Amino acid sequence: MISALPIMLPAYAEIFLLAAACAILILDVYCGERWRGLSYALSLATLAGCAVCTAYVMGMTGGEVAYTFNGMFVSDRMASVLKLFAYLGVALCLVYSRAYLRERNLLKGEYFVLVLLATLGMMVMMSANHFLTVYLGLELMSLCLYTLVALNRESTAATEAAMKYFVLGALASGLLLYGMSILYGTTGSLEITSVANALRGGASGSRTILAFGLVFLVAGIAFKLGVVPFHMWIPDVYHGAPTAVTLFLGAAPKLAAFAMAMRLLVGAAGSPPLALDWQMMLVLLSVLSMAVGNLAAIAQSNIKRMLAYSTIAHMGFMLLGLASGVVDGNRLSAPGAYGAAMFYALTYMLMSLVAFGMVVVLSRAGYEAEHISDFRGLNRRSPWFAAMMMLAMFSLAGIPPLVGFYAKLAVLSAVIEAGHVWLAVVAVAFSLIGAFYYLRVVKLMYFDEPTQQGPVRPQLDTGVLLSANGLALLALGVFPGALMQLCLSAIKGLGSI
Amino acid sequence: MHNTTHWLSLAVWVPIGAGLLILMTGGDRRAGVARILALAGSIAGFLVTLPLAADFDRRSSTMQFVELAPWIERFQVNYHLGVDGISVLFILLNSFITVLVVIAGWEVIRDRVAQYMSAFLVMSGLLNGTFAALDAVLFYVFFEATLIPMYLIIGIWGGPNRVYAALKFFLYTLLGSLLLLVAFLYLYSRSGGSFAVLDYHTLPLPLDAQIVLFVAFLLAFAVKVPMWPVHTWLPDAHVEAPTGGSAVLAAILLKLGAYGFIRFSLPILPDASHYLAPLMITLSLVAIVYIGLVALVQTDMKKLIAYSSIAHMGFVTLGMFLFNAYGVEGALVQMISHGFVSAALFLCVGVMYDRMHSRNIADYGGLVNTMPKFASFMMLFALANCGLPATSGFVGEFMVIMGAMQFDFWVAFLAATTLITGAAYTLWLYKRVIYGAIANPRVAELTDAGPRELLVLGALAIAVLWLGLHPAPFTEFMHVSVENLLKHVAAGKL
C-alpha cells in the first residue's frame, strides 16, 4: 500500500514550508518596509498551505504510518495532529504579536522567516524516525529561537537571555547527542524503529550502559521541555525576550519537545525493562518541577516570570502522563497515558497563548505590561478581555469547567491507573499551591481598582482571535471528548505501540 | 416512566443561560435591564423546578427524571442527571432562594449590577447541577465550578477584608475537593472504568480502602459543611460577603458538603462510615457544643450567625452518622430548615446593614421603636433559629435528638445542650439589637423595611412556618429514599 504513494509524500508540508520561507525571505528584501504586510500575509498563507498539505498527507496515508528518506522521516497520526496544532499556535502568535512588534520597530522580514524556519524545525522533530533527524529538527528550531530572543538588538536583557539560552541549549544538545551515541553504540543503529527492535530483543548491551545513555537522552529532553533541574533558562529567557517572542516560545515549541520525548523515549526505548528506568527519571523530574515551578511562581512580581515558572510546573505535570505508560511490565495502558500527556500539551499551548497574548495586548507603544500589577482593575477597563484572562487563569489552575481541568483529570487518571496514588496526591497538592498565584491575577483584575486608565483596544483581528482562543478554553471544557479521542487515536496510530 | 422529560436539564441550564444573557447587557448604564432579566431568569429557573416536585413519585427510591447521554467517551463520562427523595428538595430550595437573593440585591447593588446578577444565576444553575449529577466527573465539575462565581461575589462586592476572605474560601475548598478528585479517579480505576455514582454504591471495597477513601471524602465535604476544625474559612467568608452571597453560602453551598456525605460517603463506604462514626459524632458534638459557645461571645452579627450555622450543621452531620431513620431524616429536614432560617437571618442583617453600614451589635439597640414590622419578622427567624416548636428549626433538631437518643443517651444529652446555647446566643443577639433604649442616634432615624424587603422576608416566613407546622409534605419526599439508604448502609460491603 505504501509503495503506491509518492516517495516524498510524508514530507510534503515540510517541503512546502521550506520553499515558502525562502520565497518570503527573498520577497521581503525587495518589498521592504512599506510592504511588510505582504510578508505577514504570506506567512499566514504559508501556514494555511502547510495545514492543507498535512491534511492531504493524512488523507492519502489514511493516518497509517508512512516512512520516507530511507526510514529517517515518518508520517503518522500523532505527527499530523501535532503539526496541525503547531500551525495554529504559530499563526495565532503571528497575529497577536504584529501590532506589538510594529510599535517597537521589530517587525522585520527576518522575524517571519525565523518563525517559519523554527516551525519547520518543529515539524521535522515531530516526524523524526532517526536520531539524526531529531537532532536536525531540534537544532533548526533552537537556532531560530536563539535568534528570535535576540531580535531586539538594543535590549541588553534580550541579548543576555539569548546568550544564556544559546549556551545552555548547546550544552543540552551535547548531552542529547552523547545519549544518542551510547544507544547507537549498543544497538548499532540510529534509526528509531531499528533501535526499538534491538532493544526489545534485549540482547544488545547491558542494561547499565543503556540506562546510562538514557540519562543523557532524558536530560536533553528535559532541557527542551524546561523541567527542573534543567529549567534555569526558562525564567530568564521568558523574561528577557520581547513579549511577542515569549508568546511564541511558550506555545508550539512545547509540542515539538513533547514529540521529541515521544519519539526518543517511547519510540526508541519504550519497551518494558528499559521504560521503567526512564519512567523513574521522569517521575523525579516531574515532582521537582511541580514543586519548584509552583513555589517559585508565587514569589514573582513579573507576569512573564510568573508564567515561566507556571510553564515549568505544567510541563512537570505533563511528564506524569509519559511516566505512567508501562505498568507491571506491559504497555496495555500506554495509549491512555501518552494520550493524556498529549492532550495536556495541546491544551497547555492554547492556555499559554491566551495568557501571553493578553500580556502582549496590554503592552502599548513604549510601554511593557510586564508586571502583574499591570492587570490591576482590568475588569473596569475592559470587562471582556478581563474575562478572557480569567478563563485562562482558571484553566491553568485546573478549575472546571475549563479545559485545564480535563487535562489534569486525564493525566491523574493515568497516574492512578498505573498504581501511583501517592504521586497523584503530590500532584494535586502542588496544583493547590499553584492555584494561589493564578487567583492572585484574577484578584488584581476584578477586586482592585485600576492604576492605569483607558480601555484596552487591540487590533480587530487580534481581538477576535484572542476572544475565540479564550472561549475555546471554555468550549473545550464543556466538550473535551473529541479532542481527547483525537489524542488517543493519534497515540494508538504510532508504529511503536 | 419519566423517560423523556428534561426538567433537570432545564433547572440547570435556564439559570446559567439567563446569567450569560445578563452579562451581555454590559455596563451599569443598563442596570435596570440586568435586574429585570435576572428576576425573570430566576423566576423561570424556579418554575422549571416545580414539575420536579409535582411529578415526583414519592413511593419510589430510584432515581427519577433521569437524563443520560454520553459526554466524554474516552473516560466513559456521561451527562447523567437524576434525583431521588434526598436531592430533589435541594434543587427546589436553591431555585427558591435564588429568586429571593435577586430581589434582595435589587437596589442595594449599584456597582457592576449585571456581573452581580449573572454570578448568582450561574451559581444557581451550577448548584442545581451538583445536586442532580449522578456521574462523579459531572458532579465534580459542578461542585468545583461553583467556586468561581462565589470567589468573585465575595471578592468584588464584599466588605473591607474581602480579598483575604475570598482567597481563603477558594483555597480551603479547593484543598478538599482535589482529594475528592483523586478519590473519584481511584474508584474509577477500581470499578474497571466507570464514573457512575450508582455503580460505586455496589462496588465491593475492602475496609482499608474504604477508610482511605472516607478520609479523602471527609476532607472535601467537611471543609464545605464546614465541620470543626476546618470551619475557620466560614466566618471570614460570611462576614465579608455581600448579603446575597452570605445567604446563598449559608442556605445552599454549605449543604453541598452534607449532601456529599449522604450521596457518597455513606452508600459508597458503608463499613468505613460505621467504623469512623465515633469520630464523626465527636466532631459534630464539638461543633454543636463548642461552636455554640463561640457564637455566644461574638460582637459582629454576621459572625454570630456564621458560628450558629456551623453549630446547626453539626446537627446535620450528627444525624447522618447515627444510622437510623430519625437521624438521617432529621438531618435532611435540618438542612432544608437551615437553608430558610440562615438565609432569612443573613437577609435581616442585610436590611439593617443597608441602613446603618455596621454589623457591630453594639451600634444597634432599640430597633423595635423605629422598625416594628422588621422586628417582628426577625423575631420569627430568631425563634426558628433557637428551634422553637412550630417553626422549621424545631422539627430537624427534635428528630436528630430522637435519633441520638436511640443511639446513645449521652450523645443526645450533649446535642440537646444546643437548645440552651442556641436560644442564648440568638435571643441575646435579638435583645441587644432590637430591644432596649435607642442608644445610637442614627437608629432613631431608621425607616421600617420597605415592600421589597417585606416580600423577601414574608416568603421565607411562610416557608419556615410551613415546614414547622406541617413537615409531612417534605418528609414524604425523602422517606422511602432514606429507608433504602439505611438498608444499604446497614448491609455493608464486607
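The values are calculated or read from the model by the stated rules, or taken from the named source; none is laboratory data. No experiment lies behind these values; they were computed from the predicted model shown. Cβ: placed from backbone, ideal geometry, glycine included. Neighbour counts: every protein chain shown. For the accessible areas, the whole protein counts, side chains as well, though only heavy atoms, and no ligand, DNA or RNA atoms are used. Shrake-Rupley method; radii C 1.70, N 1.55, O 1.52, S 1.80 Å.
The residue pairs whose first member lies in segment B:238-255 and is closer than 14 Å to B:Val223 by Cα, whose second member is not in a helix (DSSP H, G or I), and whose beta carbons are closer than 7 Å, counting only pairs six or more residues apart or on different chains, are B:Leu249/B:Ala241; B:Leu253/B:Thr146; B:Leu254/B:Val225. Being in contact with a strand residue (DSSP E or B) (Cβ under 7 Å, 6 or more places away or on another chain) and either modelled with pLDDT under 90 or of a type in the set (Phe, Trp, Tyr) (or both) holds for only one residue in B:Ala196, B:Ala295, B:Ala250, B:Ala287, and it is B:Ala196. Can you spot a residue in segment B:313-323 that is touching a His at 6+ places or on another chain (Cβ under 8 Å) and buried (at least 24 other Cβ atoms within 10 Å of the Cβ)? Looking for residues that are touching a His at 6+ places or on another chain (Cβ under 8 Å) and buried (at least 24 other Cβ atoms within 10 Å of the Cβ), one finds at least one in segment B:313-323, hence yes.
So is A:Ile416 touching a Ser or Thr at 6+ places or on another chain (Cβ under 6 Å), open to solvent by less than 10 Å² (accessible area, probe 1.4 Å) and facing another protein chain (nearest Cβ under 9 Å) or not? Yes; evaluated as a whole, the condition is true for this residue.
Only one entry in A:Leu474, A:Leu466, A:Leu483, A:Leu444 is out of contact with any Phe, Trp or Tyr (no Cβ under 8 Å at 6 or more places or on another chain), assigned to a helix (DSSP H, G or I) and among the aliphatic types (A, V, I, L, M), namely A:Leu474. Can you confirm whether segment B:63-79 contains a residue that is open to solvent by 20 Å² or more (accessible area, probe 1.4 Å), over 30 Å from B:Leu187 (Cβ atoms) and either more than 14 Å from every other protein chain (Cβ to nearest Cβ) or modelled with pLDDT of 85 or more (or both)? No, the conditions are met nowhere in segment B:63-79. Assessment of segment B:162-185 against the conditions (more than 9 Å from chain A (Cβ to nearest Cβ), open to solvent by 30 Å² or more (accessible area, probe 1.4 Å) and of a type in the set (A, V, I, L, M, F, W, C)) yields no matching residue. Being farther than 20 Å from A:Val134 by Cα, assigned to a helix (DSSP H, G or I) and open to solvent by 10 Å² or more (accessible area, probe 1.4 Å) is not true of A:Val245.
Of A:Met389, A:Met349, which residue is away from every other protein chain (no Cβ under 13 Å), modelled with pLDDT of 90 or more and surrounded by fewer than 24 Cβ atoms within 10 Å (Cβ to Cβ)? Show your work before the answer.
Numbers: A:Met389 fails: surrounded by fewer than 24 Cβ atoms within 10 Å (Cβ to Cβ).
Testing whether each residue is away from every other protein chain (no Cβ under 13 Å), modelled with pLDDT of 90 or more and surrounded by fewer than 24 Cβ atoms within 10 Å (Cβ to Cβ) leaves just A:Met349.
Checked against the criterion of being farther than 29 Å from B:Ala463 by Cβ and touching a residue at least 60 places away in the same chain (Cβ under 8 Å), segment B:121-136 has at least one qualifying residue.
Taking segment B:138-161 as the range and being among the β-branched types (Val, Ile, Thr) and either at the interface with chain A (Cβ under 8 Å from one of its Cβ atoms) or part of a helix (DSSP H, G or I) (or both) as the test, the residues that pass are B:Val141, B:Ile148, B:Ile153, B:Ile154, B:Ile156.
Determine which member of the set B:Ile262, B:Ile288, B:Ile268, B:Ile281 is touching a residue at least 12 places away in the same chain (Cβ under 8 Å), in contact with an Asp or Glu (Cβ under 9 Å, 6 or more places away or on another chain) and either buried (at least 23 other Cβ atoms within 10 Å of the Cβ) or under 23 Å from B:Ile86 (Cβ atoms) (or both). Lay out the reasoning, then the answer.
Working: B:Ile262 fails: in contact with an Asp or Glu (Cβ under 9 Å, 6 or more places away or on another chain); B:Ile288 fails: in contact with an Asp or Glu (Cβ under 9 Å, 6 or more places away or on another chain); B:Ile268 fails: in contact with an Asp or Glu (Cβ under 9 Å, 6 or more places away or on another chain).
Testing whether each residue is touching a residue at least 12 places away in the same chain (Cβ under 8 Å), in contact with an Asp or Glu (Cβ under 9 Å, 6 or more places away or on another chain) and either buried (at least 23 other Cβ atoms within 10 Å of the Cβ) or under 23 Å from B:Ile86 (Cβ atoms) (or both) leaves just B:Ile281.
Can you spot a residue in segment B:120-140 that is of a type in the set (Val, Ile, Thr) and modelled with pLDDT under 90?
no
Exactly one residue out of A:Val426, A:Val411 is under 21 Å from A:Tyr309 (Cα atoms), more than 8 Å from chain B (Cβ to nearest Cβ), open to solvent by 20 Å² or more (accessible area, probe 1.4 Å) and at pLDDT 90 or above, and it is A:Val426.
Condition check for B:Gly245 on (1) within 14 Å of chain A (Cβ to nearest Cβ); (2) open to solvent by 30 Å² or more (accessible area, probe 1.4 Å): one failure, at (2). A:Pro335 meets all of the listed conditions (1) touching a residue at least 60 places away in the same chain (Cβ under 8 Å); (2) closer than 22 Å to A:Gln300 by Cα but one, namely (2). A:Val361 satisfies every condition listed in (1) within 14 Å of chain B (Cβ to nearest Cβ); (2) over 30 Å from B:Tyr186 (Cα atoms); (3) surrounded by 24 or more Cβ atoms within 10 Å (Cβ to Cβ) except (1).
If only residues of segment B:17-39 that are surrounded by fewer than 21 Cβ atoms within 10 Å (Cβ to Cβ) and within 23 Å of the chain's Cα centre (by Cα) are counted, the one that is farthest from B:Val101 (Cα to Cα) is B:Gly17. Say we look at segment B:81-119 and pick out the residues that are open to solvent by 30 Å² or more (accessible area, probe 1.4 Å) and more than 14 Å from every other protein chain (Cβ to nearest Cβ); which of these is modelled with the highest pLDDT? This residue is B:Phe96. Once segment A:320-335 is narrowed to residues that are crowded, with 24+ Cβ neighbours inside 10 Å and of a type outside the set (A, V, I, L, M, F, W, C), the residue that is nearest to A:Gly250 (Cα to Cα) is A:Gly321.
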